[in-house]
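Readers should treat all values here as calculations from the given coordinates under stated rules, not as data from a laboratory. All of these numbers come straight from a predicted model, not from anything done at the bench. Reconstructed Cβ throughout: ideal geometry from the backbone, glycine too, with neighbour counts over all protein chains shown.
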Amino acid sequence: MGEVSEAVKKVVALLKNATTDTEKFTGLFLVTKLVKAKDCKANAKKLIFEAIGFDFLKRLLLTSDVPVDCPPSIYKSVALSVLTCFCNEPELATHPEMLANIPVFLDIVQQADGSDYDDNLIIIGEAYGCLKAIAAHDPGQKALYDVGAINKMLEIYLQQSFQTDEALNILVTLVSRFGTTAWDNKHPKSFQVIINKIALEFETDHDERKFELCQILHSLLFNAPKNAITKTTALEETWPQSIYKGLTDILQSKISKDQRNPALILASTMLGLLGAEWAVNEEDKPKQFFLLLIQLAAIEVRMQLDGKSLKQAQSHAALVTSCYIILEVSINHIANDVLDLEQKEKQTLYTGLKGAFSAVIGLLTKISNDKNKDNLAVDEKVFVCASVRVLVAWLAQETSAMRPQVYQLLPYVLSLANETFSLSRARRIAEKAKMPIEDPPNPLSHMDILRIMLPALCHLTVEDEARKIMLREKQEDVLLDCFEFHWAIVQRKKPPVPRSERLKLLNQPPEELSPEVLEEMQDSRTAMISICNIFMNVTVLEAKLVEDSSSFNKLLQFIFENLSELKSIPENLVLHGHLAVLGLLLLKQQSKRIKKNDFSICRYIQVTIRFLWDAYTVDESNDPTALVVSIAYKEHWMEIMELWFLGMQTMSSVLAVVPWISEFAIESGWAEDIIKKLRTVKIGTLQPNVKSAYEDFLCHLVDANADIVGVLKKADALKVCRNHRFMELGKKLFGD
C-alpha cells in the first residue's frame, strides 16, 4: 500500500478527532495544500478523503448559511477545491459516495449563467473538473448516464454561455461510450439542433478550434440516434451543408497530417450517413470535392499499407477504415454512371484507385501467407475484414486489373467471407428468436463479408480461373446456405401457431412491418438475386459438374418446393423471375433426375409459365394492335428483360429433354394465348427478338407434343405465321 507521511497522519487524526464542523472546516485548508504535494500518493489521498467524510463535504456544497462578511459561496468553493484534488485519483473519482453526489455537481454547472455565480466562476470550473474526472472512468460514465447527464449537458451547451465547451466535451465522452442509445428518443429534434450549432461553428471558425470540432462532429454523428438521419436530412437541416463547407476549407488548404486525418474521418462519416450525393452537391463544381476525397483516401491507403505489416497498418485503423468507407461509397456511386467524368478525370481516378487496391491486395496477401493467419486478435481480424470488404467492393466493378494477385488471394478471402456469414447468421437468428447473445458480442458477427462480396462473385464466376478456385473451395455449398437464410427473411416465416390460437389470429389485422424489417427484406431479395446470378453462371459454364452435383440438385429441389410459395407482390417480381429461370437452367442440366410424379415440379412449372406468360400483353385500352410489356413488369423491365428472353430460350431447351412438360403449356392455355395475342398485333410491329423467342418456343412445343398442333391451328396460327413470317412454325404446322 505504500508509506504514509507523518504530515498526512497528523491531518487524518485531526479530521477524525474533530467534534464540530467548524474544526473539520479548519482542517480542510491544510488538506488542499497537502493533497497537491508531490509525495501525496493515492493511498494517502484515500485516507484523507475517508477522514473528511463525504457527508461533511456535501453539507458544505448545499448550505447557504455562511458567516457574516463571507462570500455566499465560500463553503461551496472550499468543498469543490478539495474534491477536485481527490478526483485526480481514479479510485476516488469512482468512489460510490463521489458518484452518488453527481447531481450536486450537475446542479452547480446548470446554474452557471445565474446571478449566484457571477462573482465566483472558479466554482463552476471546479464542478466541471469533478464531472470530467468522473466521466473519464467507466463506472463514472455509467453513473452520469443514469442520472440523465447527457440531456443536461445538451441543454447547457444549447442554452448557456459560460464554459459550454466543457459540457460539450463531457457530452461527447458519454455519447461515445453509450452509442446510439445515449440520446433521448422523446426529443429527437435536440440532436439536429446541437449538430446544426456545432456545424455552424465548424464552418465559420478558422483557427485550431476547427480541427477539434472535426473530432467532436465525428463522435456525435458516428453515434447518431437511430432514424435521426434520413434521405431528406440534407434538405431539412443546415448541418450537412455547413460540414461540407468546413471540410472543403480544410482539405483544399495546405495542412499537416494531424489536421487532415480528422477531416478525412469526418468526411467518411458523412458519406456513410448521407451517401455520395452529399459530396457532389455544389452547383459550380460538383465533382471537385468528391474527386479530391477519393484522391486523398487512395493516397492515404497506399501510404498506410504499402510495404507495412498488419501490426503497423492496424495501428492507424481508424484512419485507414475511414478511407476505406470513402473509397467504397465513391466506387458504388461512380458505378451508377450519374457522374459525368472527363477522360482525364477517369484516368487519374483509375490510377489512384489501382494504387490503393494494389496496397490492399499486398497487405492481404502477406497476411494470407502468414502461419498465424488463423490466430489473429479480434481487432486485427476486424481490420482485415474491413480491408476485404473494400477490396470486394472494387472487384464488383473492376473486372480486369491484377487478376493473378486476386486469384492467389481468393481462397483466403472466401474463408473470411464464409466465417463472417456464419457468425452474422447465428447472431441474427438468435436476435429474432430472442435467445441470449454472446457478451461482449463478436464484432465479426456484424461484418457479413459474404453479403458484400456477392456482386463481385457474379463477375468472378464468369472467369475460368476464379470459378475453378470457388468450386475447389466448395463455395456453392456456403452459397446455398446463404440462399436459404435470405429466403427465410424474404418470406418472413413465423413459428407455428398453436391450434388454440389460430382463430384469434384470423381476426387480427395484418401485421404492419416496420421500415427496418422492410429494408432487411429488400436487402435479402437483392442478395438472393445476386446468388441466382452466380448459380446461373456456374450452371451454364460448368454444365457437366452441375449435371452430377448433389448441391445443385438440392438447389433445384429447393426451387421446386418453394417458388410457388413466394408472395405474389410487386417487390418480389424480379426475384421470382431469377428463381424461375435458374430453375429452368438446372432442370435442363439435371433432366435425368426428374420424376414425372413429383408434385413440386408441377407447381414450379405452373408459376414459371405464369412469369413468362404475363410479361407481354395487348393493351386493349390504348392500342389493341401492339404487343407491349405489361404494366406489372414495366417498372422492373430493365432488370427482367434479358431474364425473360433467357427463360423463353431455356424453356424451349427443356421441352427437348423433358417433353412431358409441354402438357402444362397446353393445359394452362399459354400456347393458345400466344397465338391469340399475336393474331391481333399489327404486321411489321413485332420486335425481332420477341418474334424469335415466341416462334422458337412454339416450334419446340410442336416437336415435344403433337397434340399442340390442333390447338394452335384452331387459334388461327396460320394468320400469325403469315402476318409475322413465322416460317419455321409454318412448316411444322402446315408443311412446305
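Just a few scattered comments:
- Using θ = phi - 60° and Karplus 6.51 cos²θ - 1.76 cosθ + 1.60, couplings along segment 299-304 (whole Hz; Gly, Pro as x): 4, 4, 4, 5, 5, 7
- Cα-based helix-to-principal-axis angle, 515-541 vs the chain, degrees rounded to 10: 50 degrees
- With helices as the sole contributors, the chain gives -22000 deg cm²/dmol at 222 nm; each DSSP H run of n ≥ 4 counts as -39500 (n - 2.57), and the sum is divided by every residue.
- Sorting the segments 7-14, 147-154 by their residues' average number of neighbouring beta-carbon atoms within 10 angstrom, most packed first, yields 147-154, 7-14.
- Taking 0.36 nm per residue of separation and subtracting the current Cα-Cα distance, fully stretching the chain between residue 657 and residue 185 would add 163.8 nm.
- When 571, 438 are sorted by how many other C-beta atoms sit within 10 angstrom of their C-beta, beginning with the fewest, the order is 438, 571.
- For the residue pairs 186/287; 132/197; 373/432; 257/354, the alpha carbons lie more than 28 Å apart in 186/287; 373/432.
- With Cα atoms, 0 to 90° folded angle of helix 550-562 axis to the chain main axis: 90 degrees
- Under 21 Å from the Cα of residue 434 - lysines, other chains or at least 8 residues apart: 226, 493, 494
- Compared with the dominant Cα axis of the chain, that is its longest principal axis, helix 121-135 is turned about 50°.
- Dipole moment magnitude, nearest 20 debye, the chain about Cα centre, only Lys, Arg, Asp, Glu C-beta charged: 2040 debye
- Residue list for segment 375-394, given a label point 7 angstrom along the Cα-to-Cβ vector of residue 299 and an amide N cut-off under 13 Å: none
- Summed residue charge, Cβ within 15 Å of residue 178's Cβ, Lys/Arg positive, Asp/Glu negative: +1
- Set of aspartates and glutamates near residue 189 by C-alpha distance (under 15 Å), chain-local residues within fewer than 8 positions excluded: 155, 236, 237
- Computed over the chain, the range of Cα coordinates on each principal axis works out to 124, 67, 54 Å, biggest value leading.
- The tail of the calculated P(r) for segment 645-699 beyond 14 Å holds 58 percent of all Cα-Cα pairs.
- The modelled label-to-label distance for the pair residue 551/residue 431, using points 7 Å beyond Cα in the direction of Cβ, is 2.8 nm.
- From least to most packed, judged by other beta carbons within 10 angstrom and beginning with the fewest, 733, 221, 678 follow the order 733, 221, 678.
- Positive-end residue of 100, 655, 433, charge dipole of the chain with Cβ unit charges: 655
- Two-site FRET efficiency, residue 208 against residue 468, from Cβ-Cβ distance with R₀ of 56 Å, rounded to 0.05: 0.50
- Three-way shape call for segment 184-274 based on the alpha-carbon gyration tensor, with the a/c threshold at 1.5: prolate
- Taking a ≥ b ≥ c as the square roots of the eigenvalues of the alpha-carbon gyration tensor, segment 615-736 is classed oblate because a/c is 1.5 or more while a/b is no larger than b/c.
- FRET efficiency for the residue 231 to residue 676 pair, using the beta carbon distance and R₀ = 35 Å, is estimated at 0.15.
- Straight-line cross-link partners of residue 714 among the lysines, defined as a Cα under 19 Å from its Cα and at least 8 positions apart when in the same chain: 676, 677, 731, 732.
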